[in-house]
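Peer 1: Below is one structure. I have some questions about it.
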Amino acid sequence: MSGISVRMRCGALAALVALAGCGGGVEYRPVSDVPVRVGKPYSVRGVTYVPAADPGYDYLGYASWYGGESGNRTANGERFRPKAVTAAHVTLPLPSYVEVTALETGRTILVRVNDRGPFAGRGRIIDLSRGAAEQLGIRAVGHAPVRVRVVEPPERDRRKLREGRQAPERPVVDARTLANLRAQLAGQGR
């Protein structure tokens, strides 16, 4: 047997062993918070979006969730992980960190924005990953009123989210504040 055919067979065998160990799943590499990408203006379905840093971002609207795109690339180049606590936003820099509060329950979580969307109407301001929707408690309803605001969380919480894990939940919003936020959202529809 020639040296070339032995090397080819060994190479092929090594490739098969490597593939067998994969189990057909998608491997996720560690993600980073740098560089932060603001991005150029872009258009989707005839609407132009202009990404911009907005440290005072604090909006009321609706959240939905997505999760069937496992392994696809997000807008900042990471692999989408449905169980991670991430989100899509049309204009915030990638990545950004936001607190998302469910206006029905007051439950508040920290989310890492690493993708673009939502691009559908009905007042949607954020698309959550399945993991974020589960942590917030809105997965079953699919579409829920929320408050989204940009925050600067501590590095330990950022690290957990980069690793695909949940950061500790934020304090629950009190009933009086929730009633006020719901009234403001209802007033936006007029």
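The values are calculated or read from the model by the stated rules, or taken from the named source; none is laboratory data. None of the values given here were measured: they were computed from a predicted structure. For neighbour counting, all protein chains shown are included, and Cβ atoms are generated from backbone atoms with ideal geometry for every residue, glycine included.
Residues checked against (1) not in a strand (DSSP E or B); (2) not aliphatic (A, V, I, L, M):
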{"residue": "A52", "(1), (2)": "yes, no"}
{"residue": "G61", "(1), (2)": "no, yes"}
{"residue": "G68", "(1), (2)": "yes, yes"}
{"residue": "P82", "(1), (2)": "yes, yes"}
{"residue": "A87", "(1), (2)": "no, no"}
{"residue": "L92", "(1), (2)": "yes, no"}
{"residue": "V98", "(1), (2)": "no, no"}
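Each row is one residue, and each column tells you yes or no for (1) at pLDDT below 70; (2) surrounded by fewer than 12 Cβ atoms within 10 Å (Cβ to Cβ); (3) among the basic types (K, R); (4) touching a Pro at 6+ places or on another chain (Cβ under 9 Å).
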{"residue": "A12", "(1), (2), (3), (4)": "yes, yes, no, no"}
{"residue": "L16", "(1), (2), (3), (4)": "yes, yes, no, no"}
{"residue": "G24", "(1), (2), (3), (4)": "yes, yes, no, no"}
{"residue": "E27", "(1), (2), (3), (4)": "yes, yes, no, no"}
{"residue": "Y42", "(1), (2), (3), (4)": "no, no, no, yes"}
{"residue": "L60", "(1), (2), (3), (4)": "no, no, no, yes"}
{"residue": "G77", "(1), (2), (3), (4)": "no, yes, no, no"}
{"residue": "V85", "(1), (2), (3), (4)": "no, no, no, no"}
{"residue": "L92", "(1), (2), (3), (4)": "no, no, no, yes"}
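Peer 1: Right, another one. Does the range 160-178 hold any residues that are in a helix (DSSP H, G or I), of a type in the set (A, V, I, L, M) and buried (at least 17 other Cβ atoms within 10 Å of the Cβ), and which are they?
Peer 2: Scanning the range 160-178 gives L161, L178.
Peer 1: Still on this structure: Here is a list: V113, V141. Which entry is of a type outside the set (G, A, S) and more than 19 Å from D54 (Cα to Cα)?
Peer 2: Result: V141 is the single residue among V113, V141 that is of a type outside the set (G, A, S) and more than 19 Å from D54 (Cα to Cα).
Peer 1: Restricting attention to the range 118-129, which residues are farther than 15 Å from V44 by Cα and either without any contact (Cβ under 8 Å) to a residue 24 or more places away in the chain or not in a strand (DSSP E or B) (or both)?
Peer 2: R122, G123
Peer 1: Check whether at least one residue in the range 65-72 is modelled with pLDDT of 90 or more and not acidic (D, E), and report yes or no.
Peer 2: Yes, the conditions are met somewhere in the range 65-72.
Peer 1: Which residues, counting only those in the range 150-167, are more than 14 Å from the chain's Cα centre (by Cα) and in contact (Cβ under 8 Å) with a residue 40 or more places away in the chain?
Peer 2: Within the range 150-167, V151, E152, P153, D157 qualify.
Peer 1: Return yes or no: is G123 modelled with pLDDT under 95, small (G, A, S) and more than 23 Å from G189 (Cβ to Cβ)?
Peer 2: no
Peer 1: Checking D115 against (1) free of Cβ contacts under 8 Å to residues at least 60 places away in the same chain; (2) farther than 28 Å from R29 by Cα, only one condition comes out false. Which one?
Peer 2: Single failed check for D115: (2).
Peer 1: Turning to a different aspect of this structure: Are there any pairs, at least 6 apart or on different chains, whose C-beta atoms fall under 6 Å, with the first in the range 47-68 and touching a residue at least 12 places away in the same chain (Cβ under 8 Å) and farther than 18 Å from P93 by Cα and the second of a type in the set (G, A, S) and surrounded by 11 or more Cβ atoms within 10 Å (Cβ to Cβ), and if so, which?
Peer 2: G61/G123; Y62/G123; A63/A144; W65/A133
Peer 1: Any residue in the range 171-185 that is of a type in the set (V, I, T) sitting within a Cβ distance under 7 Å of a residue that is outside any helix (DSSP H, G or I) and modelled with pLDDT of 95 or more? List the pairs, counting only those 6 or more apart or interchain.
Peer 2: Cβ pairs passing all conditions: V172/G106; V172/R107; V172/T108; V173/T101; V173/G106; V173/T108.
Peer 1: When residues of the range 80-110 are filtered for being small (G, A, S), over 15 Å from R149 (Cβ atoms) and in contact (Cβ under 8 Å) with a residue 60 or more places away in the chain, how many remain?
Peer 2: So the count comes out to 1.
Peer 1: Of all the residues that make up the range 130-157, how many are in a helix (DSSP H, G or I) and under 14 Å from A87 (Cα atoms)?
Peer 2: Number of matching residues: 7.
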